[in-house]
1. Could you list Val172, Val159 so that the one with the fewest beta carbons within 10 Å of its beta carbon is first and the one with the most is last?
2. Using θ = phi - 60° and the Karplus relation 6.51 cos²θ - 1.76 cosθ + 1.60, list the HN-Hα couplings for the stretch 167-173 in order, rounded to whole Hz, with x at every Gly or Pro.
3. Using modelled amide H (1.01 Å from N, peptide plane; none on Pro or chain starts), what sits under 5 Å from the amide H of Phe185, excluding residues fewer than 5 places away?
4. Can you tell me how the stretch 126-170 classifies by the Cα gyration tensor, rounded, prolate or oblate, using a/c under 1.5 as the rounded cut?
5. Step through the residues of the stretch 116-126 one at a time and calculate ³J(HN,Hα) from phi using the Karplus curve (6.51 cos²θ - 1.76 cosθ + 1.60, θ = phi - 60°), rounding each to whole Hz and writing x for Gly and Pro.
Amino acid sequence: MTGPYGPNDPDEDGPSDDTEYPVDEAERAALGLPPLSSDRRERPDPPQLVRISVLLWVLSAVVMVAGFVLMLANQRAITEELLDAYETARRAGESIANREGITDSDIEAGVPGLLWLLFAGSVMIAGLIGLFAYRAREGTRSARTALALLTLVLLAFVVGMPSAFVNPLHVVALVLAAVAAVLLFLPNVSGYFPPLPRMRRRWRDFS
């Protein structure tokens, strides 16, 4: 029956070849389509080096958070070290230390908030490490790249922050993360992280 929109009236009951996509397994089999489950890429068991890397990532995240907990516990020592550094810079005539309006009380009041901010950031990074480590165990290539970037973030903290904020646990976490990252990029495990297939764009079909 022809509707107001032509032979294929969208208001008519019945399947439309342009819009219907069968999801029922029996219907797909009748049409000669593969089952939906076969569209998923099956992953083999992760190599031993990948498993070791994931374990090192988890240990790195735990040690990193522990390092920031230790940093909070050493709040008084950090404050005193910062005050000493500020006083040394003031005597040396550095402009940032001689700026008006900055007092020792301001530094003491600002340290706790900064430490708690860093601690909250470490918890977030630890959560990201756990998430991407799990995805890397499944063979997700982008997760491996994200873990490498998180290692650089931890490296920037250890190298760029004043020594008062960095303790040995931070260094241990960095070493564990670096070793874990290297394991994921070894040639004998690179095959477990294949690149995603390139999707063909419709506009390319007309080129």
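1. Exposure proxy ranking, most exposed first: Val159, Val172.
2. Those phi angles translate into 10, x, 5, 4, 5, 4, 4 Hz.
3. Amide H neighbours of Phe185, under 5 Å, 5+ apart: none.
4. prolate
5. Listing the rounded values in order: 5, 5, 5, 5, 4, x, 5, 5, 5, 5, 4 Hz.
No value in this document is a laboratory result; all are computed from the given coordinates. Treat the numbers as computed from the prediction; the structure is a model and nothing was measured. Cβ atoms come from the backbone with ideal geometry, glycine included; neighbour counts cover every protein chain shown.
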